[in-house]
Amino acid sequence: MLILGISAYHHGASAALLRDGLPVAAAQEQHFTRERDDSGFPTRAIRHCLRAVGAESPDLDHVIFHERPLRRFERTLVHQLKAFPRSRGSFAQGMFHWLGERLWVRGRIADELGLDAERVAFCEHAMAHAAWSFFSAPAHEAALLVADDEGEWTTTLLASGAGTSLRALSELRFPHSLGLLAASVAEFLGFEPGRGGERALMELAAHGQPRFAERFAQILQVAEDGSFSVDTTGFRFSHDARRRFGPQLEEWFGPPRLTNGTLRLAGADTRDADLAASCQLAIEGALLALARRLRQRASADTLCFSGEVARNSQAVARLLRDGPFESVWVPPAPGDAGLALGAALRLHHELDGNAPRNTELLADPQLGEDLLLSDDAACAELPDHEQVLDALLERLLRGELVGWVRGGAALGGRSLGQRCALMDPRDAAAARRQLASLKAREDFRPFHPVLLAEAADEALELPVGGRHAARFGRIAAQATPRFAEQAPAVVHVDGSTRALLVDAQRDALMHQLLQRFADRTGVPALLHTTLNGRGAPAVRTEAEALDLMQRSAMTALVVERRLHTKA
Amino acid sequence: MPFANLLLRARSRKIWRDPVRTVLTLESFSRTEADGGKDIGSAAGKVADDELRGHLRRHTADELRHAELFRTRAAQLRSTLDLPTGTGSEAEDSAYDLSRGRPAAEVDAHGFFTSGLLDELGEVAYVAMLHAAEKRAAQLFTVHRDLTRHDPETCAVFEEILRDEQYHVAYTRTILEKWSNNGRASEVAAAKSGARGGHFWSAWKRTGIRSGAAFSRGVLHVLYLTLLLPFGLFARRGAVEQGWADIESDASSGNSSKPLRSQY
């Protein structure tokens with residue numbers, strides 16, 4: 001049975017294909033259009049998924065969309081009306097989009113695929129998140145927490161999963177949303193929400209003190225029953241996606257920061273960092289209350305956490321450290337990029353309650369398009385993987401910035417070791433200097449390591465319950481003093497790091513490279529960052545990777561077994 | 001004056017009159033020029049024609065210098081700028097329009113191509129596209145220069161860059177003519193036509209989409225203030241729901257066991 005899952009009109013439009021319950025292809029539209037977090041209809045991603053398995057659209061048994069469009073439209077309209085007449089500008093903008101395309105998505109899908117519209121199904125946005133986190137989890141029973149920005153009405157969902165069944169327990173509804181709160185504060189501080197802004201906000205928090213915690217306790221009120229509410233007087237996100245914060249926020253905290261404006265994070269004025277720290281603290285507090293409530297209603301020891309807020313690796317760490325669960329699982333691509341897979345999995349298990357699960361295969365996110373090689377690239381063809389590792393190691397030991405690109409694209413747009421730039425993490429200043437030529441990112445933002453899984457205990461203060469999430473770099477942990485001294489380039493200002501644990505089973509080549517680097521230097525880690533151009537997802541082609549090498553301080557690039565060096 | 005330039009002039013006038021948007025626009029131009037410089041430099045390493053390589057290298061240096069000129073001027077203006085202490089009113093929102101990470105979207109900048117395009121298209125098509133882009137850039141920067149006459153230092157930056165743009169237009173034309181005279185006339189003509197056609201077709205599509213969208217939004221705006229007014233006034237009276245909604249006992253929840261065929 002072939003099921004196609006589709007998510008669209010939200011950041012991270014994607015498509016995924018299941019064959020008899022197992023994911024065989026998944027891709028984000030951004031990978032093909034090269035526009036980060038492309039939110040259009042994922043025509044190219046769908047085409048890729050079908051081509052990857054040699055199928056054509058008539059072969060599809062079912063197609064499922066990641067949300068119920070009429071419920072979403074209802075919510076949008078109600079909140080536009082509630083904000084009357086302040087919503088006059090955003091109404092025309094929003095309705096133009098809805099009436100022009102989104103309301104007719106069933107017909108659009110049927111037309112694109114040449115299928116009968118009756119074969120198109122719809123899954124609740126939050127349940128698609130829950131399904132992806134549970135059916136990819138290394139546990140057969142789990143409590144499920146979805147903390148998202150927005151969907152239909154649900155912003156936060158508590159659910160439970162056992163075997164192949166999911167049960168929704170309770171929900172919080174729009175506009176009470178942790179994701180939208182973070183997005184609004186990120187926007188207020190000049191970051192772009194939905195395109196890494198929330199992550200920048202989390203990283204900025206480490207530089208500040210939560211001196212606005214009291215104010216945030218009023219903005220985000222947590223009730224005794226674990227629910228929360230957002231005081232929306234400071235925000236406009238309920239009716240306006242173009243500008244999420246309102247005048248009240250400016251009265252409380254002063255003027256917003258403009259993009260590229262000076263960031264107030266050090267010296268006498270640390271407003272921006274303190275604001276970020278206060279927001280982070282408030283969000284973590286609300287998540288802990290949710291987790292405690294969930295623990296009362298679901299008896300499992302494992303928490304599966306997904307939704308846009310689950311991309312906050314510091315919050316994941318806090319949930320594990322101070323929360324009531326023994327282990328926390330966050331799937332690869334916990335945000336909207338995983339929705340197509342989640343929707344398809346939900347439908348599969350709805351149709352066949354006895355279908356078996358295969359979590360090992362489900363948790364492999366390299367389901368995207370293979371790297372596109374250039375026919376005429378001038379390079380040295382290395383005879384085997386040994387030579388590849390030697391070429392990389394030799395340059396890394398010399399302190400050079402190198403690129404390494406191979407295999408299929410990972411879901412989520414970030415490198416999980418396959419489309420990356422690597423560096424020796426021992427010299428922080430040199431690493432930052434060289435990476436500045438590759439990554440146009442603010443100085444306050446940290447870089448992270450790939451780390452030998454066997455060395456996790458000596459490098460990180462990471463409870464065993466966070467190991468699975470760390471295999472996909474989804475959880476932050478404090479670096480041990482020894483590791484912080486050994487690898488300062490990958491330790492954040494607060495002593496934390498978000499390592500991608502590498503074991504021989506999932507990525508044998510990277511594991512060998514790390515082992516050899518550790519043998520030579522005593523450091524079991526390398527600085528690892530996604531190889532991408534500004535505003536673009538991880539590289540798609542050899543030519544694109546070469547381009548980045550030419551434009552940066554990168555001295556060598558290994559593409560599969562082809563070695564390119566800069567003249 | 002081409003219609004497209006009139007539109008650009010109308011859109012840009014407000015921006016160059018606003019000090020905050022001026023700074024952000026100059027910064028976005030700086031980034032675009034720097035990117036363009038790197039791309040052209042990268043392409044210079046790949047071309048077979050020695051004369052073209054020499055021009056591309058000079059072109060690279062020009063673009064990087066332009067980036068520096070824009071950056072310096074932006075920094076000068078930023079240091080004297082009182083950032084808005086906006087009250088958040090609708091009228092003041094436009095001051096933040098460029099703070100949403102799409103700084104180049106509002107004012108057309110000098111576009112750039114990745115050097116991968118050279119591999120994809122070949123030298124002739126690449127130079128033809130570069131020629132068309134440089135001609136367009138010269139027109140754009142002429143508009144921006146005219147609109148910044150109230151700010152002589154910013155205007156001088158555009159003046160200086162315009163001189164280089166004329167050289168870029170000239171050398172790309174010379175190279176295309178040289179290839180044309182060397183027996184590649186049909187290839188050059190096709191490439192020039194492709195570059196020009198692409199530009200006009202994009203401009204036509206853009207104009208159509210913009211005018212259609214503006215009309216539709218106008219209609220929706222009128223509907224909002226007439227048809228929806230009573231509903232809006234009614235909806236304002238309703239309280240926003242708070243606290244847990246128990247899904248098993250609330251059939252209105254979308255997360256209850258509703259059939260997956262339903263769109264609602």
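A compact table of results
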{"quantity": "Dimensions (Å) - chain A, Cα atoms, principal axes, largest first", "calculated": "64, 63, 46"}
{"quantity": "Chain A: relative contact order in percent, alpha carbon pairs under 8 Å with at least 6 residues between", "calculated": "16"}
{"quantity": "Under 5 Å, built H, 5+ apart or other chain: amide partners of A:V63", "calculated": "A:L4, A:A121"}
{"quantity": "A:E118, A:E560 arranged by Cβ crowding within 10 Å, fewest neighbours leading", "calculated": "A:E118, A:E560"}
{"quantity": "Which listed pairs, of B:K135/B:K192; A:K566/B:K46; A:K439/B:K38; B:K38/B:K135, have C-alpha distances above 18 Å, in listed order", "calculated": "B:K38/B:K135"}
{"quantity": "Proxy reagent accessibility, fewest Cβ within 10 Å first, across A:D149, A:D301", "calculated": "A:D301, A:D149"}
{"quantity": "Among beta bridges that DSSP assigns inside chain A, antiparallel share in %, nearest 5", "calculated": "70"}
{"quantity": "Structure-based [θ]222 nm, the protein assembly as shown - -39500 (n - 2.57) summed over DSSP H runs of at least 4, per residue, nearest 500", "calculated": "-15000 deg cm²/dmol"}
{"quantity": "Cβ neighbours within 10 Å from other chains - mean over A:98-110", "calculated": "1"}
{"quantity": "Cα-based shape type of region A:221-297, given that a ≥ b ≥ c are square roots of the gyration tensor eigenvalues and the cut on a/c is 1.5", "calculated": "oblate"}
{"quantity": "Ranked list, fewest to most other Cβ atoms within 10 Å of each Cβ, for B:I15, A:I64", "calculated": "B:I15, A:I64"}
{"quantity": "Shape category assigned to region A:173-329 from the gyration tensor of Cα positions, a/c cut at 1.5", "calculated": "prolate"}
{"quantity": "Calculated FRET efficiency for the pair A:E112/B:Y264, C-beta based, R₀ 30 Å, to 0.05", "calculated": "0.85"}
{"quantity": "Alpha-carbon centroid distance for the pair region A:543-567 / region A:391-449, whole angstrom", "calculated": "13"}
{"quantity": "Built amide H within the under 5 Å cut-off of A:T155, gap 5+", "calculated": "A:L172, A:R173, A:F174"}
{"quantity": "Kirkwood hydrodynamic radius (C-alpha pairs) into Stokes-Einstein, region A:369-473, 25 °C and 0.890 mPa s, D in µm²/s", "calculated": "151"}
{"quantity": "Calculated from backbone phi, Karplus (6.51, -1.76, 1.60) coupling profile of region A:511-519 in Hz, x at Gly/Pro", "calculated": "4, 5, 4, 5, 4, 5, 5, 5, 4"}
{"quantity": "Cβ charges +1 (Lys, Arg) and -1 (Asp, Glu), total dipole of the protein assembly as shown, debye", "calculated": "1940"}
{"quantity": "Relative contact order (percent, whole number), region A:173-329, Cα cutoff 8 Å, 6+ residue spacing", "calculated": "28"}
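A short reminder: the numbers here are calculations on the coordinates, not readings from a lab. The shown structure was predicted, so the numbers you read here are calculated from the model rather than taken from an experiment. Here the Cβ is made from the backbone with ideal geometry for all residues, glycine too, and neighbour counts use every protein chain on show.
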